[in-house]
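The values are calculated or read from the model by the stated rules, or taken from the named source; none is laboratory data. Note that this is a predicted model, so its numbers are computed, not measured. Glycine gets a Cβ as well: all are built from the backbone with ideal geometry, and neighbour counts include every protein chain shown.
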């Protein structure tokens, strides 16, 4: 089993006129995550430049659509990551009518195996001067779903944990260490593609 602990800055532009509904955000997040799951290696010329810049590093994997730490091995059952929620800001050359988004999450698998991924995390959005956040969980190939019963704000300390108890069961936990609120999603009988 591969282990993926990732803090992701993945900016996404949307041309929606109004702030999207929870369903629209969920669909957009699913589409973004679907794209993020698929490795998208840089071209050879890009890799050569990176090799020269990182000559002392070995076994480095690059992707143009996600970044983070990947630990490959067997026997990994749980991963935890803690972040401080950032205040989203639009890019300096960005449009105030465009929605921008980023995510931070932890997961088990997702680097090379795309048939079963257990992950949880937080999304950050900004459109104009409106910022929003949501906490989510996912056992792929099912969709990602927003947690209810928890709020996330800029500056909060968020602890994210996923635990696989078998190949078809586990849990996703989001703890807001700032507010003391915890939400959990328990999975059982999940199927792989």
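Scanning region 97-110 for residues that are in a loop (DSSP other than H, G, I, E, B) and either free of Cβ contacts under 8 Å to residues at least 12 places away in the same chain or touching a helix residue (DSSP H, G or I) at 6+ places or on another chain (Cβ under 9 Å) (or both) yields a single hit, 110. Contact map, region 166-186: first residue more than 18 Å from residue 86 (Cα to Cα), second residue surrounded by fewer than 16 Cβ atoms within 10 Å (Cβ to Cβ), Cβ cut-off under 6 Å, separation 6 or more or different chains; pairs are 168/189; 169/188; 171/184; 171/186; 173/184; 183/149.
If a residue has to be surrounded by 15 or more Cβ atoms within 10 Å (Cβ to Cβ) and more than 20 Å from residue 84 (Cβ to Cβ) to count, how many in region 142-165 make the cut? Please lay out each step first, then the result.
Here is the first cut: in region 142-165, the ones surrounded by 15 or more Cβ atoms within 10 Å (Cβ to Cβ) are 144-147, 150, 152, 156, 158-164.
Among the residues that remain, those that are also more than 20 Å from residue 84 (Cβ to Cβ) are: 144-146, 163-164.
Within region 142-165, residues that are surrounded by 15 or more Cβ atoms within 10 Å (Cβ to Cβ) and more than 20 Å from residue 84 (Cβ to Cβ) number 5.
Residue by residue, here is whether (1) modelled with pLDDT under 95; (2) under 16 Å from the mean Cα position of the chain (by Cα); (3) part of a strand (DSSP E or B) holds:
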| residue | (1), (2), (3) |
| --- | --- |
| 126 | yes, no, yes |
| 152 | no, yes, no |
| 158 | no, yes, yes |
| 165 | yes, no, yes |
| 178 | no, no, no |
| 184 | no, no, yes |
| 191 | yes, no, no |
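The residues of region 128-150 that are within 15 Å of the chain's Cα centre (by Cα) and assigned to a strand (DSSP E or B), listed by number, are 133, 134, 135, 136, 137, 138, 139, 140, 144, 145, 146. Right, residue 91: under 17 Å from residue 155 (Cβ atoms) and either out of contact with any helix residue (DSSP H, G or I) (no Cβ under 7 Å at 6 or more places or on another chain) or surrounded by fewer than 20 Cβ atoms within 10 Å (Cβ to Cβ) (or both) or not? No, not satisfied.
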